[in-house]
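Structure record follows, encoded as structure tokens.
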Amino acid sequence: PDVDGKIVSLKDFASKQTVLLTFHRGKLWPVCLPQLVQLLQGNYNKISELKAEIVAISHESVAENKKIYQQHKLKYFSLSDPTAKTIRDYNVLDFGRFSKVSFFIVDKQGIIRWRSTHSNVNPDDLPKIDDLLKAIQLAQ
């Protein structure tokens, strides 16, 4: 569900445009969330100019996810997966119901065109914005 509890599907986004889908650990890792927000929020306009939409998913409850969304004034979609079903479906489950920090570029046909999964050990190993932008362009 989104921050208002509305159930959404990747098809709601991907049928219209390329999607940068990212999985994150929410508040679990205090360094990862700010870095992810900086990467995505700080480059939202560049991603949007490529006719792509960002969709972020975490294990957090809708209420916690809404707090994160409001606290960081996110421009992109933020979804909750408290049962980790989607996290499992994308094979990014790390432990418990927590995901690995991961990025997927999904084209309009719903095909994953690019994937990047990160160690969660080194907070500096997130992809660079130029790599994400290039992957979005190649998926279109």
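The gain in end-to-end length when the Gln71 to Leu50 segment is fully stretched comes to 4.9 nm, 0.36 nm per residue minus the alpha carbon separation. Among the trypsin sites (Lys or Arg not before Pro) in the stretch 27-78, those located in a DSSP loop and surrounded by at most 10 other Cβ atoms within 10 Å of their own Cβ are Lys73.
Of the beta bridges DSSP finds with both residues in the stretch 1-110, what % are antiparallel, to the nearest 5? If you can, show how the numbers build up before the last one.
Numbers: 7 of 17 bridges.
Restricted to the stretch 1-110, the bridges split so that about 40 percent are antiparallel.
Along the stretch 44-61 the Karplus relation, 6.51 cos²θ - 1.76 cosθ + 1.60 evaluated at θ = phi - 60°, assigns HN-Hα couplings of 4, 5, 4, 5, 5, 4, 8, 6, 10, 10, 9, 10, 10, 10, 9, 6, 4, 5 Hz to successive residues, with x for each Gly and Pro. Within the set (1) 12, 47, 37, 3; (2) 11, 39, 27, 15, 5, 2, 0; (3) 10, 34, 30, 18, 7, 0, the number that P(r) over Cα pairs in 10 Å bins from 0, in percent takes when calculated for this structure is listed as (1).
For Lys66, a cut-off of 15 angstrom between C-alpha atoms picks up these aspartates and glutamates, skipping any fewer than 8 places away in its own chain: Asp2, Asp4, Asp81.
At 222 nm, what value in deg cm²/dmol follows for the chain if DSSP H runs of at least 4 each add -39500 (n - 2.57) and the sum is divided by all its residues, to the nearest 500? Present the calculation step by step, with values, prior to reporting the outcome.
Details: 6 runs with 47 residues, N = 140.
Calculated at 222 nm, the ellipticity per residue is -9000 deg cm²/dmol.
With contacts taken as Cα pairs under 8 Å and at least 6 residues apart, the stretch 64-140 reaches a relative contact order of 19 percent. Between the amide H of Leu79 and those of Ala56, Ile57, Ser58, distances stay under 5 Å, these residues lying 5 or more places away or on another chain, with hydrogens modeled in the peptide plane. Counting charges near Ser58 (Lys, Arg +1; Asp, Glu -1) among other residues having Cβ under 11 Å from its Cβ returns a value of 0.
Here, each number is a calculation from the coordinates, and none is a lab measurement. Here the structure is a predicted model, which is why all the values come from computation and not from measurement. Please note: Cβ atoms are built from the backbone with ideal geometry, for glycine as well, and neighbour counts cover all protein chains shown.
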